[in-house]
Amino acid sequence: MLYAGFRYGWTSADVGLALAVVGIANIIVQAGLIGRIVAALGEWAAMIFGLICGALGFLAYGLAPTGAWFVAAIPVFSLMGVFGAALSAAMSRIVDPGDQGKLQGANSSLMGLTGLVGPGLFTQALAWGMAPTIGLPGASFLLASGILATCAACVALGVNRAPAAQGS
């Protein structure tokens, strides 16, 4: 709300409408596109695809000069949902069945850490970018874009190092 109100003059109703569009786009991706994309690209390429879409979506959010441009970026960003599904499938396939609980515990721990660090990090980026001397109100989105692009590069570089599934 802070960013959209500051940058585009949106009201809470405008933000709610934009979030409804995000929800609809995510439903379309989750219900109709993930399976097709993963089947067409394979798990590893689908992970990279999802991360790149997330990076491009955040980049577009951060640079969008108007609210209409921001909303236009929602379909691109929603394709980031492909990443999570492909990652989950790959990890579950690679990890021994007896270690699935450990995998889920590790994933939950990482999500907890990001839940601790993320809000402070991105709030500081927003505050820094909104300062009159900086004039980059989309800084938090640009930071997120950079992080996802870095993750996409790491996945791309690690593709050939992925261990084979047990029993292959």
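Of G81, G138, G50, which residue is in contact (Cβ under 8 Å) with a residue 24 or more places away in the chain and farther than 25 Å from V38 by Cβ? Just one listed residue meets the conditions, G138.
All conditions but one from (1) over 19 Å from the mean Cα position of the chain (by Cα); (2) part of a helix (DSSP H, G or I); (3) of a type in the set (S, T, Y) apply to S88; the one that does not is (1).
Out of curiosity, is L63 farther than 16 Å from A46 by Cβ, in contact with a helix residue (DSSP H, G or I) (Cβ under 6 Å, 6 or more places away or on another chain) and modelled with pLDDT of 95 or more? No: the conditions fail for L63. Every condition in (1) in contact (Cβ under 8 Å) with a residue 12 or more places away in the chain; (2) over 30 Å from G9 (Cα atoms); (3) surrounded by fewer than 19 Cβ atoms within 10 Å (Cβ to Cβ) holds for L113 except the one numbered (1). Summed over segment 1-38, the residues that are exposed (fewer than 15 other Cβ atoms within 10 Å of the Cβ), over 17 Å from the mean Cα position of the chain (by Cα) and not charged (D, E, K, R) give a count of 14. Once segment 91-100 is narrowed to residues that are surrounded by 10 or more Cβ atoms within 10 Å (Cβ to Cβ) and free of Cβ contacts under 8 Å to residues at least 12 places away in the same chain, the residue that is nearest to W44 (Cα to Cα) is S92. Per the listing L136, L148, the residue uniquely out of contact with any Phe, Trp or Tyr (no Cβ under 6 Å at 6 or more places or on another chain), at pLDDT 90 or above and not in a helix (DSSP H, G or I) is L136. When the residues of segment 116-145 are filtered to those that are among the small types (G, A, S) and buried (at least 18 other Cβ atoms within 10 Å of the Cβ), the one that is nearest to G62 (Cα to Cα) is G138. Going through segment 9-24 one residue at a time, which ones are part of a loop (DSSP other than H, G, I, E, B), more than 12 Å from F70 (Cα to Cα) and either touching a Cys at 6+ places or on another chain (Cβ under 6 Å) or not β-branched (V, I, T) (or both)? Answer for segment 9-24, where residues must be part of a loop (DSSP other than H, G, I, E, B), more than 12 Å from F70 (Cα to Cα) and either touching a Cys at 6+ places or on another chain (Cβ under 6 Å) or not β-branched (V, I, T) (or both): just G9.
The values are calculated or read from the model by the stated rules, or taken from the named source; none is laboratory data. The model shown is predicted, which means the values in this text are computed figures rather than measured ones. Neighbour counts run over all protein chains shown; Cβ positions are idealised from the backbone, glycine included.
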